[in-house]
Amino acid sequence: MAACSRCGGETLATGALYSAVRTSFRPQESKFLTLETGDVMTKATMCRTCGLVEIVGDVSKLRRLTSEPEPETQKFVKTV
């Protein structure tokens, strides 16, 4: 089991951060054309000892959103 990076506590609670809707991360330089949303879902863990909240995102979706454009959508990408 993982320990808290702040206090070393070993009792952690898993969950998610919520506001009006579920909190997600949107990369600044994501692909323009994709068939999925630009939001990367997150999960959270809270230490039951000190209250530290750690947020972890879906790195595989981040890679899909920020990789090089697919050949079929390359013509729509703005070149500098």
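The values are calculated or read from the model by the stated rules, or taken from the named source; none is laboratory data. Just so it is clear, the structure is predicted and the values come from calculations on it, not from any experiment. So basically every Cβ, Gly included, is an ideal-geometry build from the backbone, and we count neighbours across all protein chains shown.
Residue pairs, Cβ under 6 Å, 6 or more apart or interchain, first in the stretch 2-29 and over 23 Å from ARG63 (Cβ atoms) and touching a residue at least 24 places away in the same chain (Cβ under 8 Å), second among the aliphatic types (A, V, I, L, M) and not in a loop (DSSP other than H, G, I, E, B). List them.
Note: pairs meeting the criteria are ALA13/MET46; GLY15/ALA44.
Let me spell it out: the conditions are (1) at pLDDT 75 or above; (2) basic (Lys, Arg); (3) not in a strand (DSSP E or B), and LYS43 meets all of them except one. Which number is the exception?
Condition not satisfied by LYS43: (3).
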